[in-house]
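**Student:** Take a look at the following structure, please.
The values are calculated or read from the model by the stated rules, or taken from the named source; none is laboratory data. A quick note: this is a predicted structure, and the numbers were derived from the prediction, not measured. Neighbour counts are summed over all protein chains in view; Cβ atoms, including those assigned to glycine, are modelled from backbone coordinates with ideal geometry.
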Amino acid sequence: MSRQIPIMTAPHEQIEQIQLEGIKQTAVRCYENIPFYRKSFDDAGFDPRSIESFDDLARAPFVTKQDLRDNAPYGMLAVPLSEVREVHMSSGTTGVATLGAYTSHDIEIWRECFGRGLVFANADENDVCQICYGYGLFTGGLGAHYGSMWSGATVIPISAGNTERQVRTLRDLGTTILECTPSYAMHIADTAIEMGLDPARDFHLRAGIHGAEPFSDAFRADLERKLDYKVLDIYGLTETMGPGVAVECMEQDGLHLAEDHFYAEIINPATGEVLPDGEWGELVITTTDREASPVVRYRTRDITRIIPGECPCGCTHRRIDRLHGRTDDMLIIRGVNVFPSQIEDVMKHFDEVSSWYQIELDTRGSLDVVTLKVETNPNFPLDSIGAVEGLQGKIQSALKTALSVGIKVKLVEPKSIPRSEGKAKRVIDLRKGIN
Amino acid sequence: MIDQLTVFLENKEGHLASMCRCLGDAGVNMVALTIAESSEYGLVRILCTEPERAAKVLDDAGYRATVSPVMAIGLPDRPGSLADLLDTFDGLGFNVEYGYCFLTRDGRAADVFKVGGAAASAEVTFKLEEAGFKVLSWEDIA
């Protein structure tokens, strides 16, 4: 039987009490120990000692990625460096890396938060976890490692890369739980099939814990079909801890926040106003008990919503929805806001194309030109120009209907879209004056 | 009906050469080859030995190849014979999707056509034979 965490099923009032106490302590500690917060709170006329309700927190100013960068590397530490056991750095997807620091207590929280994913997957000492997130400064590798160790399972710390060895290890060591980015899981699955294996027969997988990048339901279904297992989404970011801030349960209907450690708000990214449950917006996180790198109202730039209602799985912690993209992934195409996930939603209705796609942005004259490159599935018979152009045209008009913006579709050869071992690069922006 | 190999190729330098090299290395012999091109990609249509195996070889090498049935018709080598054939198509109300011509080993003209789906092709074959045209099999051309 998997390890149990009583707070995961505690009454929500009890969790709220922990949160309220935690955010007040965190805000006060930030104010007292971190010059950035002292100035930021003072400038906003916000007194952290005055927090008596969640509404009071909504008066506090936000902290952004830029603030963390400006104070890198050690300016945002709330404890002396001598108490810091480990540091990680963000993957720097969008610029200079930021630092996340951990005391022994912080590592302990992390272990157990990632471990909740393994609790949801019913992992125990009979499971074998193959961890092919990259080990190192990226929080994926060690976060998964700590959480999987905590669960009691056997851990294979293989890290990312050398895909054929990943496939052989999956088969030979009888891996039951695969932990990596979803795009790398797909690459492993495709490689196994190319090597002549039938993953459903040759592997013993029963669950995958895949995070660090958003993926669509269609992509998930494709993965589950190829590897014959159940895919759980996991969410986290270095700035607030790493993977484990929220994890999906077997219901696959949203990710349960580790609410005793993180307080979540959803805001309108343009106005900063807090939105009610159910509405889509930017996720803002306040840690309740992190010691080394606490944050008060950190703007994650991730777009999601709080799913209203209770989950049948019995976990009482509120759920965030699968990520809809990032505020900074949002493409502004001829004035229209477009998320790559919307494009993926349209594509999943076309059996003729695969899950591999790339969006290319360019300018022609002063106009943005968007090209969606997509690989076709082998069973699509493209023996005439009419068939190729007919398919391109059908996808184009579906995109136009869904997004209100014209996107040119271009079918490309198999394997011409680069496979990734980490985060997949879905958008190539060649527009002048943007990068 | 004859199996035609069609390969989807992006317009890139050396791409056609490497695809042909791949077929050559696999011992596939080509009888006819034609390219339909757009600005971004081309469809290379090939009549060759063992089209199913050729498609598998290309798929494994990362190309997108597909096999589809086409109709090949033998025509006497004289002015107006193709026009006669096309008039017959027209009279039967069939639309030609694409077509190309080549010479067989014994010097006869062969014309390859793609006409709609499998059912339409079968019907056209029947009607053409009725009208006195010779519908060729693989053995007739290679």
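**Student:** A:Leu170: assigned by TED's automatic domain parsing to the domain that holds A:Tyr133, modelled with pLDDT of 95 or more and not in a helix (DSSP H, G or I), yes or no?
**Tutor:** no
**Student:** Another question, if that's okay. Could you grab me the full set of residues in region A:393-425 that are in contact (Cβ under 8 Å) with a residue 40 or more places away in the chain, among the polar types (S, T, N, Q) and either away from every other protein chain (no Cβ under 14 Å) or in a helix (DSSP H, G or I) (or both)?
**Tutor:** Listed by number, the residues that qualify are A:Ser404, A:Ser420.
**Student:** What about B:Gly27, is it at positive phi, modelled with pLDDT of 95 or more and not polar (S, T, N, Q)? Walk me through how you get there before you give the answer.
**Tutor:** Working: at positive phi: yes; modelled with pLDDT of 95 or more: yes; not polar (S, T, N, Q): yes.
Yes: the conditions hold for B:Gly27.
**Student:** Turning to a different aspect of this structure: Taking region A:377-392 as the search range and keeping residues that are more than 28 Å from the chain's Cα centre (by Cα) and either outside any helix (DSSP H, G or I) or away from every other protein chain (no Cβ under 13 Å) (or both), which one is surrounded by the fewest Cβ atoms within 10 Å (Cβ to Cβ)?
**Tutor:** Only one residue tops the list, namely A:Asn379.
**Student:** Follow-up. If I go through region B:10-28 residue by residue, how many of them are among the polar types (S, T, N, Q) and in contact (Cβ under 8 Å) with a residue 24 or more places away in the chain? Before the answer, list the steps.
**Tutor:** Within region B:10-28, the subset among the polar types (S, T, N, Q) is B:11, B:18.
Checking which are in contact (Cβ under 8 Å) with a residue 24 or more places away in the chain leaves us with B:11.
The qualifying residues number 1.
**Student:** Continuing with this model, one more query. Scan region B:40-68 for residues that are at the interface with chain A (Cβ under 10 Å from one of its Cβ atoms), part of a strand (DSSP E or B) and within 18 Å of B:Met30 (Cβ to Cβ) and report the count.
**Tutor:** Here the count works out to 7.
**Student:** Further question on the same structure: Only residues that are surrounded by fewer than 17 Cβ atoms within 10 Å (Cβ to Cβ) and more than 14 Å from chain A (Cβ to nearest Cβ): list them for region B:14-25, please.
**Tutor:** B:Ala17, B:Cys20, B:Arg21, B:Gly24, B:Asp25
**Student:** Looking at region A:191-238, which of the residues that are within 22 Å of the chain's Cα centre (by Cα) and among the β-branched types (Val, Ile, Thr) is farthest from A:Glu112 (Cα to Cα)?
**Tutor:** Of everything passing the filter in region A:191-238, A:Val231 is farthest from A:Glu112 (Cα to Cα).
**Student:** May I pose another question? Quick check, is A:Ile18 among the β-branched types (Val, Ile, Thr), touching a residue at least 60 places away in the same chain (Cβ under 8 Å) and closer than 29 Å to A:His145 by Cβ? Please lay out each step first, then the result.
**Tutor:** Numbers: among the β-branched types (Val, Ile, Thr): yes; touching a residue at least 60 places away in the same chain (Cβ under 8 Å): yes; closer than 29 Å to A:His145 by Cβ: yes.
Judged against the criteria, A:Ile18 is a match.
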